[in-house]
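The values are calculated or read from the model by the stated rules, or taken from the named source; none is laboratory data. Model, not experiment: these values are computed from the prediction. So basically every Cβ, Gly included, is an ideal-geometry build from the backbone, and we count neighbours across all protein chains shown. For accessibility, only protein heavy atoms count, side chains too; no ligands or nucleic acids. Shrake-Rupley method; radii C 1.70, N 1.55, O 1.52, S 1.80 Å.
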Amino acid sequence: MLISVSTHMEEDEYAKLIRRMNPPRVTIDNNSSPDATVIQVESVNKHGILLEVVQVLADLDLVIKKAYISSDGGWFMDVFNVICHDGSKIRDERVVGYIKKVLERDPAFYVPSLNSSVGLKPSDDYTVIELVGTDRPGLLSEVSAVLTNLGCNVVNAEIWTHNARAAAVVHVTDDTTKCAVEDPKRLSTIKKLLCNVLKGNNDLKTAKMTLSTPGFMHRQRRLHQIMFAERDYEKVEKTEQEKENKLTTRVMVLDCVEKDYTVVTIHCRDRPKLLFDIICTLTDMQYVVFHGVVRTEKMEAFQEYYIRHVDGSPVSSEAERERVMQCLEAAIERRTSEALELELCTADRVGLLSDITRIFRENSLCIKRAEISTEDGTAKDKFYVTDMTGNNPVDPKTIDSIRTQIGQQAALHARWNSSQSSDPQPEETTIGFLFGNLFKGKTFQT
């Protein structure tokens, strides 16, 4: 046993030495492409490095139009064609410098392991609360009301709902100290009352509330992990709108027999952070992407990956194949919804989230997703809402009523958040079309 441990430690130190001798190289080029900034990343390969790179680009809200991925052997090389949200190239030298600085750091210290997460702010400054339970109308309103009554201010939060499940990562501070809540008795009370809210009338076994350990956390990464652990990918009865969305998402998992890969192809409507969601799920399922190509055309996205499990084996059973398809479909759907986006900007105060979500509930709006943030004393929140059925457009009169109730001191902008465009057209070419001749003549089997 001692010999085994010693050997593992020697291998780990050797891997660190190799990475330090070959630090990542990042090239950012605004001349090669007429309509995008080309970012090339080269590095010693390690599991999870693709997600780390994609996560940095996603956190900067950059739109990835094309990507070429290659990590066969011990070397990793990716090329991304990216644009800003307004369609322009990256011209801001501060953003260019940030990308190079972050991605060229020693990978050994770059991002925590899969069991932790990544973020910009240590949780010592706030208390991180993770919530999961059965979704129902008014749930966020009830949760925020409890936190307000307990003297907690929500400074940042992200809430997702999918397949009748709801998950949230919430950052709260003590209303008095403006720092993390540290009193054990108070934390115990918060946990007890929030669990009661999450349980509702019929969720006695599956409701969970967790106080995260200190460290760094990337909320969206964590939400994927929470939803995956809750098995939100398993089939439930869907609304008519959800069934329509599913028809426009096609995921196939095939065998590339001669190369001993599993081939994953995805064709769906494009949206922000789609690539991050896909790579996050594959990584958390312990798959390695050896080759991949991503391209977008208008509102459609085409992705193709050649993967193996971390132990080197391809997908080996029909049950595993089905699970990969279900999990990737769930990853796509979690942030895909036909909803009205309500963007609120106002002075932050304790109880603001409770008041706003109560007004939504009283006007029969259902919150499908939410992003809560606070910056320099200003609350900047986004809510993605539907009517109670989830099928009908929100009445403009309802929005007018909400504006009246929240008052003129708050700016509320409404925008239809549609992941819908015309239905994706079937591809005329066969599997392997993204790679051209790379696997020409090879056999793909279902």
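Details
- Segment 253-268 residues that are over 30 Å from residue 335 (Cα atoms) and modelled with pLDDT under 95, paired with ones that are part of a strand (DSSP E or B) and open to solvent by 20 Å² or more (accessible area, probe 1.4 Å) (beta carbon under 7 Å, 6 or more apart): 256/444; 257/445
- Which numbered condition residue 329 misses (of (1) out of contact with any Lys or Arg (no Cβ under 8 Å at 6 or more places or on another chain); (2) among the acidic types (Asp, Glu); (3) open to solvent by 10 Å² or more (accessible area, probe 1.4 Å); (4) at pLDDT 95 or above): (1)
- Any chance residue 308 is closer than 30 Å to residue 78 by Cβ, surrounded by fewer than 21 Cβ atoms within 10 Å (Cβ to Cβ) and among the basic types (Lys, Arg): yes
- Looking only at segment 84-110, and only at residues there that are assigned to a loop (DSSP other than H, G, I, E, B) and of a type in the set (Lys, Arg), the one that is surrounded by the most Cβ atoms within 10 Å (Cβ to Cβ): 89
- Residue 156 being modelled with pLDDT of 90 or more and open to solvent by 20 Å² or more (accessible area, probe 1.4 Å): yes
Listed here are the residues, each with its yes/no results for (1) open to solvent by 10 Å² or more (accessible area, probe 1.4 Å); (2) not in a helix (DSSP H, G or I).
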residue: 42; (1), (2): yes, yes
residue: 50; (1), (2): yes, no
residue: 57; (1), (2): no, no
residue: 61; (1), (2): yes, yes
residue: 73; (1), (2): yes, yes
residue: 82; (1), (2): no, yes
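- Selection count, segment 29-40, where residues are assigned to a strand (DSSP E or B), without any contact (Cβ under 8 Å) to a residue 60 or more places away in the chain and open to solvent by less than 30 Å² (accessible area, probe 1.4 Å): 2
- Test: residue in segment 339-350 that is touching a Cys at 6+ places or on another chain (Cβ under 8 Å) and open to solvent by less than 20 Å² (accessible area, probe 1.4 Å): no
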